[in-house]
Amino acid sequence: MAKLIPSHWQSMEAFGAFQRELDTLERLAKELPDDYTVFHGVHWTHVEHNGPVFGEIGFAILTPGGND
């Protein structure tokens, strides 16, 4: 089972589209090897000349070698 960050994802209340996202997270956890890490819901900010831009990365998968 892959390592998941944040680790408390199974206790999150889910409905609608978020439920499908958690279903995908569960599948990634079960089917990826143990030495993979999956980051879920990574928020980011980028500052441009007319103000900040915000976003979220649904899933970021880190492989053991870091380059696959």
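The values are calculated or read from the model by the stated rules, or taken from the named source; none is laboratory data. On a predicted model such as this, the values are computed, not experimentally measured, just so you know. We place every Cβ from the backbone using ideal geometry, glycine too, and count neighbours over all the protein chains shown.
Figure legend. Inter-residue proximity from the stretch 1-23: first residues of a type in the set (D, E, K, R), second residues surrounded by 10 or more Cβ atoms within 10 Å (Cβ to Cβ) and modelled with pLDDT of 80 or more, beta-carbon distance below 6 Å, spacing 6+ or different chains. Indicated pairs: Lys3/Thr37.
Among the residues of the stretch 26-61, just one is more than 13 Å from the chain's Cα centre (by Cα), among the β-branched types (Val, Ile, Thr) and either closer than 15 Å to Lys3 by Cβ or surrounded by 10 or more Cβ atoms within 10 Å (Cβ to Cβ) (or both), namely Val53. Could you please let me know if His40 is touching a residue at least 24 places away in the same chain (Cβ under 8 Å) and not in a helix (DSSP H, G or I)? In short, yes.
Can you name the residue in the stretch 4-25 that is within 11 Å of the chain's Cα centre (by Cα) and more than 12 Å from Phe59 (Cβ to Cβ) and, of all such residues, is modelled with the lowest pLDDT? Applying the filter and picking the extreme gives Ser7.
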